[in-house]
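Below is one structure; the comments refer to it alone.
The values are calculated or read from the model by the stated rules, or taken from the named source; none is laboratory data. Keep in mind the model is a prediction, meaning the values are calculated, not measured. When we count neighbours, we look across all protein chains shown, and the Cβ atoms used for this are built from the backbone with ideal geometry, even at glycine. SASA here: full protein model, heavy atoms, side chains in, ligands and nucleic acids out. Shrake-Rupley method; radii C 1.70, N 1.55, O 1.52, S 1.80 Å.
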Amino acid sequence: MAGKDEVPSTVERSDDKAERTWEKTYDSAMDSYDGDGARARRTAFASLKHTHEKVGDHWEPKDGKGPSDEQAARGGRDSDLPTAGGVDANASKEHLLDVAKKLDVSGRSSMNKDELVEAIGKANNRETARARKKK
């Protein structure tokens, strides 16, 4: 499986289901898109975001399956909608507050939902960068 060699570090630090989902989707997309690795990678992440959300430097299973943001719900590679970068923007504000607490996001209690999504995304990026430096 070519996907096994291409698994991103954030997925490697996640549960087995996340890794299997990413690998299977990547391999299938490589076949479908005539070896276009960048497109296969985007497709694999899109698939992963339906079952997992990014929390810090890894992916955790979501409470329910489904798109993580408006871009994922709409689909299609030609959309100009921004993604939430793995943050489950469709989750409840309470859930986002819990994730923000895990990530020690300061000022979270006074943030609205959109601000929480943005702050979690930034915290995720920081944690991923830290984890990659440790390698």
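For the reader, a short list of remarks on this structure follows.
- With respect to (1) over 12 Å from the mean Cα position of the chain (by Cα); (2) small (Gly, Ala, Ser); (3) outside any helix (DSSP H, G or I), the lone exception for Ala84 is condition (1).
- Every listed requirement among (1) more than 21 Å from Arg13 (Cβ to Cβ); (2) open to solvent by 20 Å² or more (accessible area, probe 1.4 Å) is met by Ala129 save one, (1).
- Meets criteria (at pLDDT below 90, surrounded by fewer than 21 Cβ atoms within 10 Å (Cβ to Cβ) and acidic (Asp, Glu)) for Asp34: no
- For region 40-55, the set of residues classified as assigned to a helix (DSSP H, G or I), touching a helix residue (DSSP H, G or I) at 6+ places or on another chain (Cβ under 6 Å) and either touching a residue at least 40 places away in the same chain (Cβ under 8 Å) or open to solvent by less than 10 Å² (accessible area, probe 1.4 Å) (or both) consists of Ala40, Ala44, Leu48, listed by residue number.
- Region 56-81 - residue that is outside any strand (DSSP E or B) and modelled with pLDDT of 90 or more and, of those, farthest from Arg130 (Cα to Cα): Lys62
- Applying the criterion of being closer than 25 Å to Ile120 by Cβ and of a type in the set (A, V, I, L, M) to the residues of region 10-31, the residue that is surrounded by the most Cβ atoms within 10 Å (Cβ to Cβ) is Val11.
- Hits in region 88-98 (condition: in contact with a Ser or Thr (Cβ under 9 Å, 6 or more places away or on another chain) and modelled with pLDDT of 95 or more): Leu97
- Residue within region 95-112 that is touching a helix residue (DSSP H, G or I) at 6+ places or on another chain (Cβ under 6 Å), more than 22 Å from Glu23 (Cα to Cα) and outside any helix (DSSP H, G or I) present: yes
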